[in-house]
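Written out below as structure tokens is the structure these notes cover.
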Amino acid sequence: MSSEIKLQDVSLTFKKFEALKNLTLTFEAGKIHGLIGRNGAGKTSLLSLIAAFREPSAGNINIDGKEVFENSEIMQKVMFVYDKNYDNEYDTIPSVLEITESFRANFNKEYADYLIKRFKLPIDKPVYKLSKGMKSAMNVVIGLASRAEITIFDEAYLGMDAPAREIFYQEILADQAKHPRTFILSTHLVSEMDYLFDNVVIIDQGKLLLNEDYETVISRGASITGAADQVDAFAADLKILNEQKLGGTKKVMVYGALEEDRLSDALQSGIEIGPVSLQDLFIHLTEEEH
Amino acid sequence: MKQDQVYPKIARGTFHEQFKWSLWFFGFLTAAHIIGLIIVNITDEQLLGFFVFSTHSVSIFLLVCGIISVYVFMGLFVQQGVTRKDSYLGIAIAALALTFAVTLISLVLNAIEQLIAGSMSLPLETDVTNMFEPAAGWFAAACYYYLNMLTYYLVGWFIGVGYYRYGWLIGFVFVALAILAISINGYFWGDADLSSIIPLIPHSPADASPVIAVIGSLILNTALLISIRLLTKRMAIKL
């Protein structure tokens, strides 16, 4: 029930501004993809292309081998949840969900009701009167209960408090186990959500920076601490993301393939090697571009 | 297979929503008409019957429905995985149905008013020279009313699409085009005498033959429908 998304040389231009530049990447089916990027990196532009909200200026976007834009069969497979303006929504949550239910073949009402209770959402208030966090939680209910083959959450947590966000994360994992689909979660809250990701996509200034398995990304990042000359020798052929020096001691953050032999040699020579979080990698990988 | 049947669902949903709005609207309009009858009764004047009375208000109501249709429905449908084509077809069918519904409601309210006028004295004026006056032939009046009201919905939709797609500045160009469309429509139906501005064109076709007015109106509505489809065919949806 999950679908693969393939982008081939995709660009999106607004007048003179290039929001996306020659993106070629694949979102594999059945995985939870974390889409990370700084403000204005082009995350929402990319997602709106996948959801056929707009057409790319150049390139192709295929889902299960078929062009997305204006393709009824394919568009039905995509559920794009974004920070929608509900200022004029006078209906209640159950009425809003009814609309989704009427269009989404896999929509599960019992699951929607269960989520409404879990998020403690009021069912008798008009949506425009709800708090920002509650509106976001309603969006999450719409996205999860639709059980679309491709479910996209674009910063869906906005305004949600920590316990509500935790419910959101738990439900993604629980429902993915029972009803696997392709999730794309765009986020700024990297440290909070990284454990959800099977795959990590980082875009920066409209360009693809990284598209790797989560474990691979994490295994490639390391923090190296030790005597300055030893650390420099160790990190000579690695991509250095950040470095700090205190007296004769140096700490560098590196990104690259680290073989077992090399690691054990380093440990024997007194160099300390520690892990680097995805958040730190994201910060420093995108920082050097600016 | 299922996807081929999306637009009737869109049409039903859009019609249902806009019909709810029209019931509210007719509630207010009927109240206004009753108040009007009470006032003219006191001042010893006469008011046109409900059908003719409603023409201006209903046309503005449909214009507004048309303007907001793209804002209310287009993004909603595309988010639910519906193509622009199906959304367009659905909204267009709903527009035809809504115009039919408001024509019918106006006719029925007019008939009720006539029934009441039969048993009690109401200060009503029947102007049989007015093409919308049912007393001069209700079926023809209803057809003329329908075509005119549909034009207002489509003109509204056209303006809405212009603003939605191009923003407020170019949106004004669409307002100008809409005024032109309304003027052409008025010319067909004898409201605007374009022959006084443009000397070469004949006097109002409605006076000459209602058939010419109907054909002109149909061509105008078709042109509007085609323009809206072309404008929305590959339109970006706002987030």
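The values are calculated or read from the model by the stated rules, or taken from the named source; none is laboratory data. As the structure is a computational prediction, the values presented were derived from the model and not from experiment. Cβ atoms come from the backbone with ideal geometry, glycine included; neighbour counts cover every protein chain shown. For the accessible areas, the whole protein counts, side chains as well, though only heavy atoms, and no ligand, DNA or RNA atoms are used. Shrake-Rupley method; radii C 1.70, N 1.55, O 1.52, S 1.80 Å.
A count restricted to region B:1-52 and to residues that are within 19 Å of A:Arg104 (Cβ to Cβ), part of a helix (DSSP H, G or I) and either basic (Lys, Arg) or away from every other protein chain (no Cβ under 14 Å) (or both) stands at 2.
Are there any pairs, at least 6 apart or on different chains, whose C-beta atoms fall under 9 Å, with the first in region B:89-109 and in contact (Cβ under 8 Å) with a residue 60 or more places away in the chain and part of a helix (DSSP H, G or I) and the second acidic (Asp, Glu) and open to solvent by 10 Å² or more (accessible area, probe 1.4 Å), and if so, which? Between residues of region B:89-109 that are in contact (Cβ under 8 Å) with a residue 60 or more places away in the chain and part of a helix (DSSP H, G or I) and residues that are acidic (Asp, Glu) and open to solvent by 10 Å² or more (accessible area, probe 1.4 Å), the close pairs are B:Ala94/B:Glu17. Residues in region B:112-129: is at least one closer than 25 Å to B:Leu225 by Cα, more than 14 Å from chain A (Cβ to nearest Cβ), of a type in the set (Ser, Thr, Tyr) and open to solvent by 20 Å² or more (accessible area, probe 1.4 Å)? No, the conditions are met nowhere in region B:112-129. Residues that are surrounded by fewer than 16 Cβ atoms within 10 Å (Cβ to Cβ) and within 13 Å of A:Thr92 (Cβ to Cβ) within region A:127-172 comprise A:Tyr128, A:Lys129, listed in sequence order.
Checked against (1) within 11 Å of chain B (Cβ to nearest Cβ); (2) buried (at least 20 other Cβ atoms within 10 Å of the Cβ), A:Asn85 passes all but condition (2).
Rundown of residues vs (1) on the phi > 0 side of the Ramachandran plot; (2) open to solvent by less than 60 Å² (accessible area, probe 1.4 Å); (3) under 24 Å from the mean Cα position of the chain (by Cα), yes/no style:
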residue	(1), (2), (3)
A:Ile184	no, yes, yes
A:His188	no, no, yes
A:Ser191	no, no, yes
A:Asp204	no, yes, yes
A:Gly221	no, yes, yes
A:Ala227	no, yes, no
A:Gln230	no, no, no
A:Gln244	no, no, no
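When we screen A:Ile74, A:Ile36, A:Ile63 for residues that are open to solvent by less than 10 Å² (accessible area, probe 1.4 Å), within 16 Å of the chain's Cα centre (by Cα) and of a type in the set (Val, Ile, Thr), the only hit is A:Ile36. For region A:43-74, name all the residues that are facing another protein chain (nearest Cβ under 7 Å) and without any contact (Cβ under 8 Å) to a residue 24 or more places away in the chain. Those that are facing another protein chain (nearest Cβ under 7 Å) and without any contact (Cβ under 8 Å) to a residue 24 or more places away in the chain: A:Glu55, A:Glu70, A:Ser72, A:Glu73. The residues on offer are B:Tyr71, B:Tyr164, and the sole one that is touching a Phe, Trp or Tyr at 6+ places or on another chain (Cβ under 8 Å), within 14 Å of chain A (Cβ to nearest Cβ) and either free of Cβ contacts under 8 Å to residues at least 24 places away in the same chain or surrounded by fewer than 17 Cβ atoms within 10 Å (Cβ to Cβ) (or both) is B:Tyr71. In the set (1) among the aliphatic types (A, V, I, L, M); (2) crowded, with 21+ Cβ neighbours inside 10 Å; (3) within 14 Å of another protein chain (Cβ to nearest Cβ), the condition left unmet by B:Ile91 is number (3). Here A:Tyr114 meets the list (1) more than 9 Å from chain B (Cβ to nearest Cβ); (2) under 17 Å from A:Glu149 (Cβ atoms); (3) of a type outside the set (A, V, I, L, M); (4) surrounded by fewer than 18 Cβ atoms within 10 Å (Cβ to Cβ) almost entirely, failing just condition (2).
Candidates A:Asp91, A:Asp87, A:Asp83, A:Asp124: the one that is touching a residue at least 12 places away in the same chain (Cβ under 8 Å), more than 28 Å from B:Met235 (Cα to Cα) and among the acidic types (Asp, Glu) is A:Asp124.
Restricted to strands (runs of 3 or more DSSP E) entirely inside region A:153-216, those with at least 1 residues that are hydroxyl-bearing (Ser, Thr, Tyr) are A:182-187. Test A:Phe17 against the criterion of being surrounded by fewer than 20 Cβ atoms within 10 Å (Cβ to Cβ), within 12 Å of chain B (Cβ to nearest Cβ), hydrophobic (A, V, I, L, M, F, W, C) and without any contact (Cβ under 8 Å) to a residue 24 or more places away in the chain, and give yes or no. No.
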